[in-house]
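*Asks:* Please find one structure pasted underneath; my questions will follow.
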Amino acid sequence: MFSRKFLFSVNPLLKIGVSLAIVAVALSLKTLDAIVVLVIVLLALLVTSIRIPLKSAIAVIIAFLLFIAFGTLTLSNWQLALFYALRLLALSLPAPVFALTTSPTDLVRALQAIKLPSFLVLSLMLVWRFLPVIQQESQRILEANQLRGVELSRQPHRWFSGLFVPLVFRIVSYADEVTIGLETRGYDPSLPRTISKPLTWQSRDTVFTIASWLIFGIVAHLEF
Amino acid sequence: MAELTIENLSFTYAGQTQPALQDINLSVSSGELVLITGATGSGKSTLLNCIAGIAPTYTAGILSGDLCYQNQSILHWDIKARSRYLGFLLQNVETQIFTDRISDEIAFGLENLNLPPEQIPDLINAALSEFNLTQQQHWTIQQLSAGQKQRLVIACILAMKQPILLMDEPFAYLDRASASFLLDLLQSHAAQGQAIVLIEHRLDLVQSICTQSFCLHKGQWLTQTPKIQSVDRSSEVDHSTKPIVLQCRNLSWGGYPQFPDLTLRAGETTLLQGENGCGKTTLLKLISGLLRPTTGTIELLGKPQPRRIVEISRAIGFVLQNPNHQLFAESVLQEVQNDREILTQLNLEEQLERHPRSLSQGQKRRLTLGAVLARRPKVCLLDEITVGQDATSLNLMLELLKRFTQAGGAVIVTSYDPQVANALGAKILTL
Amino acid sequence: MSRWQLRDYVFAAFMTIGIAIASVITVPLTLSIPLPGVRTIVWAPFAGIFLTLGMARLQRCGSVALMIGTLAMLLSRISWIIGAFLVGALLITEGVLWFRGGYRQRLDRLIGNVVFFASATVTGAIVGAYAAGDAFAAWISQAWILIPMTLLSGLAGAIGWWMGEKIVTQLQRAGKLNV
């Protein structure tokens with residue numbers, strides 16, 4: 001039904017809206033049939049849009065089975081346990097499906113378009129951009145420790161002086177420099193900025209909306 | 001008319017009595033390319049920071065004198081207001097990149113100028129083609145090397161078309177080919193009427209194209225520039241009888257072509273030379289154990305290289321490119337394990353009680369060399385010895401390395417700067 | 001009270017990065033332990049360093065909201081559940097610290113850390129119970145588990161505060177933390 005690229009190009013705001021709707025619907029469902037349909041649709045979306053590594057798939061299945069086992073044990077009702085396990089899946093799946101099919105840049109643009117306070121958009125943008133940079137920095141610091149003969153994995157008492165202190169210094173000086181970097185490139189959170197690629201409503205968004213309503217309709221029909 | 005005029009500019013950092021800049025006068029007209037040189041701590045970066053407005057906003061201190069753009073005082077403008085007329089390339093390019101794709105990054109600055117959206121795609125395309133980045137426009141930032149990032153930020157800044165450009169070491173991460181590309185580009189931008197002020201240590205590159213050059217010394221203009229001392233070659237010793245400390249054979253790693261074999265004897269110095277991305281740092285990482293070779297063998301002091309980095313580190317010290325990853329102690333003296341002699345040799349004896357993180361970049365680099373040598377390694381590896389170093393500071397490091405080799409240590413350095421080989425009396429290995 | 005400036009937002013974002021890295025390192029270690037709050041207990045000592053630092057530098061009410069709000073938005077991409085309980089904990093923390101007028105004193109920051117991490121365990125248990133349904137709700141909300149885990153989370157937050165203040169002192173010595 002969907003091509004691999006379809007979900008990637010759906011309007012991010014629409015995807016957020018539908019994800020929230022799914023969470024709300026999942027919390028209000030009471031029958032096993034309805035939740036089964038919802039989970040099947042979500043799984044189908046997940047499998048058709050993203051390649052899932054085998055390891056994480058197996059981990060999720062094991063966790064799912066353990067959850068049912070635990071539920072059966074405490075509730076002594078395997079059907080109810082299955083229901084709660086599926087409901088948990090329905091609650092947890094929308095976020096990763098949304099996240100893995102939306103690039104950070106697209107999301108930032110979408111948030112800008114709905115006039116979210118610019119400092120929040122900025123914070124998200126900075127965290128995405130510099131999280132990998134700071135991770136690399138911590139890697140360099142771990143290496144530098146090995147180079148002076150300190151193996152941090154075997155000497156936890158040196159974590160503080162060997163890793164955290166230098167890392168904090170790096171993060172703090174990055175914060176100062178990045179502020180200057182932003183200003184020298186003319187960024188001001190209080191001034192208007194051009195939106196060079198505005199969000200538009202496209203035919204695939206209409207398709208996505210109609211499909212979502214259809215599925216919610218089917219789920220509701222099964223519920224009542 | 002002068003684009004930028006500086007009149008009697010002085011700046012004193014908060015808590016200090018000596019001014020970092022004293023009565024600086026400078027006038028830059030459109031089409032000019034002005035080079036500013038000087039030792040670390042001479043006030044070069046402070047001067048650019050004062051022009052851009054970073055000092056005194058972010059670095060506390062007292063500023064006096066005047067600063068004019070087209071004869072209009074901009075002294076009371078903040079950084080953002082000045083950024084409409086001043087493009088500024090910072091030393092660490094990583095901190096001027098905010099999006100995750102090349103074309104988005106160029107758009108970011110233009111969006112900040114609040115230009116009409118229909119103008120932006122053309123400006124992006126022009127910048128991409130000027131910098132030969134058209135094919136890479138959809139690349140993510142993480143795919144770029146340090147040199148490519150530097151090129152991208154320069155492209156982003158030039159796309160904003162400010163009349164004045166300030167650049168802090170724009171050539172720091174560029175190899176010969178990219179450097180000459182940038183030289184041509186700067187010349188053509190100057191010819192089109194931009195006024196360019198740059199700080200650079202690689203004088204050999206820039207001196208040929210600049211229209212004026214100034215040297216700062218203790219916050220004031222100076223007339224002469226210091227040179228790197230070269231070693232008297234007649235005193236060179238024959239090392240061929242000394243024991244071999246390190247031997248690499250048939251080494252290869254990742255996608256790099258096989259590295260040339262390397263034999264290092266006690267007392268010898270080897271300089272690794274080559275263009276950007278040819279694997280100089282990779283070879284140092286292989287030798288220090290941070291990377292494991294795909295093929296080939298490394299022998300250390302006549303035995304196979306131990307598996308654990310911590311064991312290798314007893315014989316090999318490695319001075320990384322960025323000193324900020326390598327400082328751990330709470331005082332300068334602690335950092336070198338209380339070895340006052342090394343501090344004296346590195347001209348850091350006055351700083352011994354200070355927190356290592358409060359030092360200047362050049363002083364930090366010297367301190368990390370001191371800290372590595374204080375552990376008494378047999379071999380010292382040094383990545384990009386000239387980065388962030390002026391001649392005076394570099395000479396102190398070279399001097400200490402010479403003592404180290406005279407005492408039987410062996411050294412491998414990498415550098416873009418061909419003068420270093422001469423100064424160290426080093427064997428050259430080209431990758 | 002001075003206005004929030006660009007540098008404050010950037011500083012908060014970088015502290016969020018520190019807190020996020022702390023969670024990336026610690027949380028997977030305990031993912032399989034079905035005890036409420038166990039993830040907070042291993043996370044708090046490290047995340048607390050950055051939370052304390054952010055409080056020490058930003059000082060005003062809303063500092064925790066800025067750091068943790070961004071974190072919640074970020075982690076919502078993994079699961080709405082995480083986002084929801086973080087928002088709950090940040091509201092409680094800001095509410096308590098509002099009476100002390102921000103995070104200026106060391107004591108304010110200690111209280112901030114303890115309250116945040118302890119309430120994260122509680123809100124985490126509540127949101128988790130709500131999402132997982134009856135079977136787990138009964139298990140999670142047993143007082144003999146939840147109360148000691150909450151106390152331990154607060155204690156872990158206090159350890160994070162203590163290390164954070166040690167680093168604040170060093171930053172001040174090096175002249176890198178101008179408040």
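The values are calculated or read from the model by the stated rules, or taken from the named source; none is laboratory data. Bear in mind the structure is a predicted one, so any value in this text is a computation, not a measurement. Heads up, the Cβs are rebuilt from the backbone with ideal geometry, glycines too, and the neighbour counts pull from every protein chain shown. Side chains are part of the model used for accessible areas, which takes the heavy atoms of the whole protein and leaves out ligands, DNA and RNA. Shrake-Rupley method; radii C 1.70, N 1.55, O 1.52, S 1.80 Å.
*Asks:* Can you confirm whether A:ILE180 is of a type in the set (A, V, I, L, M, F, W, C), open to solvent by 10 Å² or more (accessible area, probe 1.4 Å) and not assigned by TED's automatic domain parsing to the domain that holds A:ALA144?
*Replies:* Taking the combined requirement at face value, the residue does not satisfy it.
*Asks:* If B:THR368 satisfies every condition in (1) in contact with a Pro (Cβ under 6 Å, 6 or more places away or on another chain); (2) within 27 Å of B:GLY302 (Cβ to Cβ) but one, which is the exception?
*Replies:* Of (1) in contact with a Pro (Cβ under 6 Å, 6 or more places away or on another chain); (2) within 27 Å of B:GLY302 (Cβ to Cβ), only one is false for B:THR368: (2).
*Asks:* Give the residue, chosen from A:PHE130, A:PHE119, that is surrounded by fewer than 22 Cβ atoms within 10 Å (Cβ to Cβ) and facing another protein chain (nearest Cβ under 7 Å). Please lay out each step first, then the result.
*Replies:* Numbers: A:PHE130 fails: surrounded by fewer than 22 Cβ atoms within 10 Å (Cβ to Cβ).
When all the criteria are applied, what remains is A:PHE119.
*Asks:* If only one of B:THR392, B:THR368, B:THR386 is over 20 Å from B:ILE412 (Cβ atoms) and β-branched (Val, Ile, Thr), which one is it? Reasoning before the result, please.
*Replies:* Values: B:THR368 fails: over 20 Å from B:ILE412 (Cβ atoms); B:THR386 fails: over 20 Å from B:ILE412 (Cβ atoms).
Going through B:THR392, B:THR368, B:THR386 in turn, the sole match is B:THR392.
*Asks:* Just need a number here: residues in region B:280-318 that are small (Gly, Ala, Ser) and in contact with a Cys (Cβ under 6 Å, 6 or more places away or on another chain).
*Replies:* Qualifying residue count for the region: 1.
*Asks:* Suppose we filter B:ASN250, B:ASN276 for residues that are polar (S, T, N, Q), at pLDDT 90 or above and assigned by TED's automatic domain parsing to the domain that holds B:GLY425; which single one remains?
*Replies:* Criteria check complete, one pass: B:ASN250.
*Asks:* Okay, moving on. Which of the residues spanning region B:239-297 are within 21 Å of the chain's Cα centre (by Cα) and hydrophobic (A, V, I, L, M, F, W, C)?
*Replies:* B:LEU271, B:LEU272, B:CYS278, B:LEU283, B:LEU284
For (1) touching a residue at least 40 places away in the same chain (Cβ under 8 Å); (2) closer than 17 Å to B:ASN8 by Cα; (3) in the same structural domain as B:THR140 (by TED's automatic domain parsing), each residue gets a yes or a no:
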| residue | (1), (2), (3) |
| --- | --- |
| B:THR57 | no, no, yes |
| B:GLN72 | no, yes, yes |
| B:ALA81 | no, no, yes |
| B:ARG84 | yes, no, yes |
| B:VAL93 | yes, no, yes |
| B:PHE98 | no, no, yes |
| B:LEU113 | yes, no, yes |
| B:GLU118 | no, no, yes |
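*Asks:* Sticking with this structure for a sec: Return the total of residues in region C:98-119 being without any contact (Cβ under 8 Å) to a residue 60 or more places away in the chain and part of a helix (DSSP H, G or I).
*Replies:* 11
*Asks:* Looking at C:GLY95 and the list (1) touching a residue at least 24 places away in the same chain (Cβ under 8 Å); (2) surrounded by fewer than 21 Cβ atoms within 10 Å (Cβ to Cβ), which single condition is not satisfied?
*Replies:* Here C:GLY95 clears every test but (1).
*Asks:* Could I ask something else about it? Starting from region C:150-179, keep only residues that are touching a residue at least 24 places away in the same chain (Cβ under 8 Å), then list their pairs with residues that are open to solvent by 80 Å² or more (accessible area, probe 1.4 Å) and in a helix (DSSP H, G or I) whose Cβ atoms are within a distance under 9 Å, requiring at least 6 positions of separation or different chains.
*Replies:* As it stands, the answer is C:TRP161/C:ARG106; C:GLU165/C:ARG106; C:VAL168/C:ARG106; C:VAL179/C:GLN172, since those pairs meet every condition given.
*Asks:* Are any of the residues in region A:94-101 touching a residue at least 60 places away in the same chain (Cβ under 8 Å) and either open to solvent by 20 Å² or more (accessible area, probe 1.4 Å) or of a type in the set (A, V, I, L, M) (or both)?
*Replies:* Step one: of region A:94-101, the residues touching a residue at least 60 places away in the same chain (Cβ under 8 Å) are A:94-95, A:97-98, A:101.
Those still in the list that are either open to solvent by 20 Å² or more (accessible area, probe 1.4 Å) or of a type in the set (A, V, I, L, M) (or both) too: A:95, A:97.
Among the residues of region A:94-101, at least one is touching a residue at least 60 places away in the same chain (Cβ under 8 Å) and either open to solvent by 20 Å² or more (accessible area, probe 1.4 Å) or of a type in the set (A, V, I, L, M) (or both), which makes the answer yes.
*Asks:* How many residues does region A:136-145 hold that are within 9 Å of chain C (Cβ to nearest Cβ) and either closer than 11 Å to B:GLN142 by Cβ or outside any helix (DSSP H, G or I) (or both)? If you could, list the steps in order and put the result at the bottom.
*Replies:* Going through region A:136-145, the residues within 9 Å of chain C (Cβ to nearest Cβ) turn out to be A:138.
Imposing the further condition that a residue be either closer than 11 Å to B:GLN142 by Cβ or outside any helix (DSSP H, G or I) (or both) reduces the set to none.
Total meeting the criteria: 0.
*Asks:* In addition: Kindly check whether there is at least one residue in region C:6-16 that is at pLDDT below 90 and open to solvent by 30 Å² or more (accessible area, probe 1.4 Å).
*Replies:* For region C:6-16, residues at pLDDT below 90 and open to solvent by 30 Å² or more (accessible area, probe 1.4 Å): absent.
*Asks:* With respect to the numbered conditions (1) in contact with a helix residue (DSSP H, G or I) (Cβ under 7 Å, 6 or more places away or on another chain); (2) of a type in the set (A, V, I, L, M, F, W, C); (3) under 30 Å from B:VAL319 (Cβ atoms), which one is the sole condition not fulfilled by A:TRP159?
*Replies:* Against the list (1) in contact with a helix residue (DSSP H, G or I) (Cβ under 7 Å, 6 or more places away or on another chain); (2) of a type in the set (A, V, I, L, M, F, W, C); (3) under 30 Å from B:VAL319 (Cβ atoms), A:TRP159 comes up short only on (1).
*Asks:* Then there is this: Under the condition of being within 29 Å of B:GLN91 (Cα to Cα), assigned to a helix (DSSP H, G or I) and of a type in the set (Val, Ile, Thr), which residue from region B:360-410 is least open to solvent (accessible area, probe 1.4 Å)?
*Replies:* B:THR368
*Asks:* What number of residues in region B:317-331 are in contact with a Lys or Arg (Cβ under 7 Å, 6 or more places away or on another chain) and not in a loop (DSSP other than H, G, I, E, B)?
*Replies:* The number of residues fulfilling the criteria is 4.
*Asks:* Can you name the condition, by its number, that C:ARG60 falls short on among (1) over 16 Å from C:ALA89 (Cα atoms); (2) within 12 Å of chain A (Cβ to nearest Cβ)?
*Replies:* Unmet for C:ARG60, out of (1) over 16 Å from C:ALA89 (Cα atoms); (2) within 12 Å of chain A (Cβ to nearest Cβ): (2).
*Asks:* Do you know which residues across region B:348-407 are of a type in the set (Gly, Ala, Ser), within 17 Å of the chain's Cα centre (by Cα) and farther than 23 Å from B:GLY274 by Cα?
*Replies:* Once the filter is applied, which keeps residues that are of a type in the set (Gly, Ala, Ser), within 17 Å of the chain's Cα centre (by Cα) and farther than 23 Å from B:GLY274 by Cα, region B:348-407 yields B:SER360, B:GLY362, B:SER393.
*Asks:* Let me spell it out: the conditions are (1) modelled with pLDDT under 90; (2) open to solvent by 50 Å² or more (accessible area, probe 1.4 Å); (3) within 14 Å of another protein chain (Cβ to nearest Cβ); (4) not in a loop (DSSP other than H, G, I, E, B), and B:GLU311 meets all of them except one. Which number is the exception?
*Replies:* (1)
*Asks:* Being of a type in the set (Lys, Arg) and under 26 Å from A:ILE171 (Cα atoms): is that true of B:ARG82 here? Don't jump to the end; show me each part of the working.
*Replies:* Values: of a type in the set (Lys, Arg): yes; under 26 Å from A:ILE171 (Cα atoms): no.
It is false that B:ARG82 is of a type in the set (Lys, Arg) and under 26 Å from A:ILE171 (Cα atoms).
*Asks:* Looking only at region B:1-57, filter to residues that are open to solvent by less than 10 Å² (accessible area, probe 1.4 Å) and part of a loop (DSSP other than H, G, I, E, B); which one of those is farthest from B:VAL387 (Cα to Cα)?
*Replies:* Going through the qualifying residues, I end up with B:GLY53.
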